[in-house]
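See structure below.
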Amino acid sequence: MNRGDLEDILPLSPLQQGFFFHALFDAGDSDVYTAQFVLDLEGPLDVPALRTAAETLLRRHPNLRAAFWHEDLSRPVQVIPRTVDLPWEEVSASEAEADAIVVRERARGFDMTAPPLLRFVLVRTGPGRHRLIFTNHHILLDGWSTPILATELFLLYMQGGHDTGMPRVTPYKNYLAWLAGQDRAAAEDAWRRALDGVAGPSLVAPEAAGREPRPPERTITELDERTTRRLTRAARRHGVTLSTVLQGAWGLVLGRLLGSNDVVFGATVSGRPPELPGIEQMIGLFINTLPIRVRYRMDEPLGTLLERLQDEQTELLAHHHLGLTDIQRVAGHGGALFDTMTVLENYPFDPASMDGSLNGVRIAAADSYDATHFPLSFVAAPGERLSLLLHYRPDVYERPVVEALLARVRRFLEAFAEDAGQPVGTVDLPSGTERAALAAWNDTGADVPAGTLPDLFERQAARTPDEVALVCGGARLSYAELNERANLLAHELIARGIGPEDRVALVLPRTPEIVVAILGVLKAGAAYVPVDPEYPPARIGHMLDDCRPALVIGPGGLPDTSGRPAHDPADADRVRPLRTGNAAYVIYTSGSTGLPKGVTVPHTGVLNYFEAHRETFFDPAIEAAGGRRMRFAHLASFSFDTSWMGLLWMMYGHELHLVDDDTRRDVAAYTAYVAEARIDLVNTTPSHFSSLREAGLLDDDGRHRPAQLLLGGEAVGEALWTDLRAVPGLTARNFYGPTESTIDTMNQVVADAARPSIGGPYRGTRAYVLDAALQPAPIGVPGELYLAGAQLARGYLGRPGLTAERFTADPFGAPGDRMYRTGDLARWLPGGTIEYLGRADDQVKIRGFRVEPGEIENVLCGCDGVAQAAVVVREDRPGDRRLAGYLVGADVDVAAVRRYAAERLPDHMIPALTVLDALPLTVNGKLDRAALPAPGGGASAGRAPRSPQEEILCGLFAEVLGVVAGGSGGSPPSVKHVPKAGVDDGFFDLGGDSLTATRLVSRIRSALGVELPVRALFEAPTPARLAERLADAPGDVRPPLTRAERPAVVPLSYAQQRLWFLNRLEGASSSGGATFNMPIALRLDGALDLGALRDALGDVVARHESLRTIFPDGSGTPRQLVLD
């Protein structure tokens, strides 16, 4: 582009900056910000006149001819050429082919530097039938401009395509000038107040930001005329706009979806200032995306909520001009604050308004396609029937989920129209169809099993007395032997007055005695309390003090049972009768207060668990093995209820192999044992299984391999799930269930599900996925998982307050039923199974152990010298989840803290420790977990760059982030104090945003000569990680220089063109014209030969043509002229 072609250079509006960033970020991918307007035309269309009208339209509106440049600029600009060729295509096609052309055009992107960023395709579909397809990049114009553009296009068409007699267009630059004159400081202060207290971003799909964008799809519904009228009247009564009603409804649905009563989402505002003359007929991008904050209480009436929301939005009306990036910055949120948005399309194009005025041509149909990169965008179009649309990214959400969400929005609108006085929490959101499906999946009714656990074992011992029940090292106990030893112990306990509802603590190693002890305690009617003897003494002491056992059986061995009878104890022998509802065991789990808590489980839960497994797991597995007895390798600690899996296999007549501690901790030894003992069933955690697999557990090397793999304790990743589905001869199952619901409550055969799932509820149990209002979440939408039914524990031993908090009334069950709040996030899948999604609270699973970080934090803070502590789970390598502890204190001794923790916590709860000067905090003073460094990466553990690339990148980070230009109106630049950037410092943690990201990538290209996409910076935001990307980045950004004959007219290079028009923009006579002058001053000492210096400089100029080049432009086109 030369001087004669250039009409203007303009800044970008706030939203244009955002669109431009996304265009760079998604370079090479499909551009989701491609918009489209499609008209079906019937009648004698004058095609040349329509094409001329489109050309005139392009001539009348300079901003429609804009190109967008950013290379070597402090901020991007839009360059307006005087003329451009109209992209116009004419084809003939069938209706179906025309539909395909619409899709094809929408998928074609635009080169931001090649104007115009729009095109027309006219498809002739038959005699007197045409389809006009107008496609543009959203950076040029918004939805409000589309009907203005269409109207002007056809007004021009009526005049043969010419604009004779039509009023002059108010240029878009007038709006940009208005924008530059607004009070930026007042706007920043208003938005800072509006977003004060926002705890964090409201993201429905935080992982989607790094994915390749997919063009959105949409689902549509509408309110009937009667409901639309009632909604309008309700809004009028409460003094709120339709826009506020829609935003309120979306905020409530989003709050339920995220489990928060304070959410933020985006909203599109028209951005057309009424005080600007001619604004109503201007075409361009005026809209802005602004944050809408919705806070609510469950007991707040709908009408009251919307009135308050209306007031809050009214206070911000004068500040709608501020850009989203600036709003997020002043509010203290550097990254994305939301990833959903709302749009009220009150700019409809009515084809009927042009009937009879187009010389016989009729607009038979009109359709538009807007653009967005958000996972969810809620759009409403007013009319006699209010249309509701939900645009969604199909790579993030499936259509049934989106339809259910849109139905919930509709339900809130209907509820407001019916009774605006009803509280938010009482609005019934699930549809009848949803409720029926959920009820069917929870229709697991079965009789509560009768009897007790001793009955179960004794029946099997009577059936197969001589079969081997237990193998441990060289010891092999038959059912008769095991039953007799357990009976002797039971009678000894009874003789000591121990019976039902008493507790016996078992502090025993992994030997046959612990199985004997468990059975003996159960036979006496008491509950056993397993305590791992390897726990720190302090922890063991707390557990014993808390459970108040009638007896402690320790490492010294079982009590002397001499003289005790060997028969099965009956109620006549026991201290008290044993009933199904009596406690069977108390197992301790991690507690958030810093101390473990005991979960009391009755016989009922374990018996129901047994019956559920017998029907769906035990019997099918036995049948697959030909009906023979099977061998189970017992790997779990008896301090965890997973240990019951093997015990119940034994009680059902199969051989239990109790693997000793040395073998179970050595993956090679354990793998060898499985092969040698011909183990059929292996029960472990996914992380431990990965090590076993590496050790050869499933190798096809001729050795015996297990046929059944039972995984539980932590989530199974997609990669492992896919691998297991492909292993021949192996049946893998994924088990789920907290201790509070007896071992596990669901399981899924891996081969029967294409993606990770935990299955559906067992017989006699129920599973609910609920939102924050305890209403069922839509199928496919995350919520918190609650469990109910026969397997629920009684609660927490001696802690009625905590029991009442976690075991609450079941609103979906019979009177008196309870449900347990798991704290896990999950969602129903369409087939009636559940997908586990992680934790809703801070509790985590490490190597299958349930861990409360708060408990570890409390212990760490108890150590001398530790002022503050934070504990998180990190997964710095995929699948490798580890605890990381961060300490703050004036004189912290890490070794001493580690020793202190080891005395009070089991090994799996000891985190890697890092000392920080201070814990990073969010804008609201809360711990900023995302800003915590990798273990060892604290303030005292920084490292120097390891390569020239890392050193250069550190410098570029500091250079770009060091000074950020201020706003319009000549405000001074705001300095960010980033004197240097470390190799492991994150660009966005240091204050970078989308605009400075584009500047950094441009500087990297110039400094290192590599082509690096903007996306790379988001995926690898530190100098160290970015340096690794450079090896794979294509080089030679610009073609290498080669010797060539000088032509008669030497054009300007691309970089020279930029500098030339920037010089023109700033004005050669102004102080700004010296922006790119590069003075160099040298101080010379000693005698100077001025003649020699002058000759030397002359020789340098003679050797380098560029030093004697000028840039005349007398012909209207700049060129290079080398002076000889």
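Considering the stretch 45-150, the qualifying strands (runs of 3 or more DSSP E), each wholly inside and each with 2 or more residues that are of a type in the set (K, R), out of contact with any Leu (no Cβ under 8 Å at 6 or more places or on another chain) and under 22 Å from S368 (Cβ atoms), run over 118-126.
Every residue, every condition in (1) under 30 Å from G581 (Cα atoms); (2) surrounded by fewer than 21 Cβ atoms within 10 Å (Cβ to Cβ), yes or no:
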position	(1), (2)
T616	yes, yes
A624	no, yes
R629	no, yes
F638	yes, no
L647	yes, no
D661	no, yes
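When G605, G646 are checked against the criterion of being of a type outside the set (A, V, I, L, M) and out of contact with any strand residue (DSSP E or B) (no Cβ under 6 Å at 6 or more places or on another chain), G605 stands alone in meeting it. If you check every pair at least six apart or on different chains, which have Cβ atoms under 7 Å apart with a residue in the stretch 774-792 that is over 20 Å from G838 (Cα atoms) first and a residue that is basic (K, R) second? Close Cβ pairs satisfying both conditions: G789/R766; L792/R818.
Where helices (runs of 4 or more DSSP H) fall entirely within the stretch 217-316, those with at least 3 residues that are in contact with a strand residue (DSSP E or B) (Cβ under 6 Å, 6 or more places away or on another chain) and closer than 24 Å to E384 by Cβ are at 242-258. Restricting G557, G581, G520, G499 to residues that are touching a helix residue (DSSP H, G or I) at 6+ places or on another chain (Cβ under 9 Å) and at positive phi narrows the list to G557. When each of D85, D111 is tested for being in the same structural domain as T125 (by TED's automatic domain parsing) and farther than 24 Å from E1019 by Cβ, the lone residue that passes is D85.
Can you pull out every residue in the stretch 416-425 that is surrounded by fewer than 20 Cβ atoms within 10 Å (Cβ to Cβ) and in a helix (DSSP H, G or I)? If you could, list the steps in order and put the result at the bottom.
Pass one, the stretch 416-425, residues surrounded by fewer than 20 Cβ atoms within 10 Å (Cβ to Cβ): 418-419, 421-423, 425.
Listed by number, the residues that qualify are E418, G425.
Pairing residues of the stretch 630-644 that are under 23 Å from R539 (Cα atoms) with residues that are of a type in the set (V, I, T) and part of a strand (DSSP E or B), at Cβ distances under 6 Å and at least 6 apart in sequence or on separate chains, gives L635/T684; D641/I587. Close contacts from the stretch 526-543, counting a first residue that is under 12 Å from G554 (Cα atoms) and a second that is among the aromatic types (F, W, Y) and at pLDDT 95 or above, with Cβ to Cβ under 9 Å and a gap of 6+ residues or different chains, come to V529/Y585; P530/Y585. If you go through the stretch 433-468 and keep only what is more than 25 Å from A583 (Cβ to Cβ), in contact with a helix residue (DSSP H, G or I) (Cβ under 9 Å, 6 or more places away or on another chain) and part of a helix (DSSP H, G or I), you end up with E434, A462, R463.
One residue stands out in the stretch 713-728 among those that are in contact with a strand residue (DSSP E or B) (Cβ under 6 Å, 6 or more places away or on another chain) and either part of a helix (DSSP H, G or I) or closer than 11 Å to R755 by Cβ (or both): the one that is modelled with the highest pLDDT, namely L724. When the test is whether a residue is among the acidic types (D, E) and more than 27 Å from the chain's Cα centre (by Cα), E805 passes it. If I go through the stretch 426-443 residue by residue, how many of them are under 16 Å from P761 (Cβ atoms) and surrounded by fewer than 17 Cβ atoms within 10 Å (Cβ to Cβ)? Result for the stretch 426-443: 3. Can you pull out every residue in the stretch 651-703 that is within 30 Å of A480 (Cβ to Cβ) and hydroxyl-bearing (S, T, Y)? Within the stretch 651-703, Y652, T663, Y670, Y673 meet the criteria. When the stretch 215-239 is filtered for residues that are hydrophobic (A, V, I, L, M, F, W, C) and closer than 12 Å to F416 by Cα, the ones remaining, listed by number, are L231, A234, A235.
Taking the stated definitions as given, is V84 farther than 30 Å from T996 by Cα, free of Cβ contacts under 8 Å to residues at least 60 places away in the same chain and in contact with a Pro (Cβ under 7 Å, 6 or more places away or on another chain)?
Spelling it out, V84 is indeed farther than 30 Å from T996 by Cα, free of Cβ contacts under 8 Å to residues at least 60 places away in the same chain and in contact with a Pro (Cβ under 7 Å, 6 or more places away or on another chain).
Are any residues in the stretch 477-505 under 15 Å from L453 (Cβ atoms) and part of a strand (DSSP E or B), and if so, which ones? V504 - this is the single residue of the stretch 477-505 that is under 15 Å from L453 (Cβ atoms) and part of a strand (DSSP E or B). The residues of the stretch 760-781 that are buried (at least 20 other Cβ atoms within 10 Å of the Cβ) and out of contact with any Asp or Glu (no Cβ under 9 Å at 6 or more places or on another chain), listed by number, are G760, P761, T765, A767. Among the residues making up the stretch 317-327, those that are part of a helix (DSSP H, G or I) and either in contact with a strand residue (DSSP E or B) (Cβ under 7 Å, 6 or more places away or on another chain) or at pLDDT 90 or above (or both) are L317, A318, H319, L324, I327.
Among the residues in the stretch 184-193, are any assigned to a loop (DSSP other than H, G, I, E, B) and in contact (Cβ under 8 Å) with a residue 24 or more places away in the chain? Among the residues of the stretch 184-193, not one is assigned to a loop (DSSP other than H, G, I, E, B) and in contact (Cβ under 8 Å) with a residue 24 or more places away in the chain, which makes the answer no.
The values are calculated or read from the model by the stated rules, or taken from the named source; none is laboratory data. Just so we're clear, the structure is a prediction, and the values are computed from it rather than from any experiment. Reconstructed Cβ throughout: ideal geometry from the backbone, glycine too, with neighbour counts over all protein chains shown.
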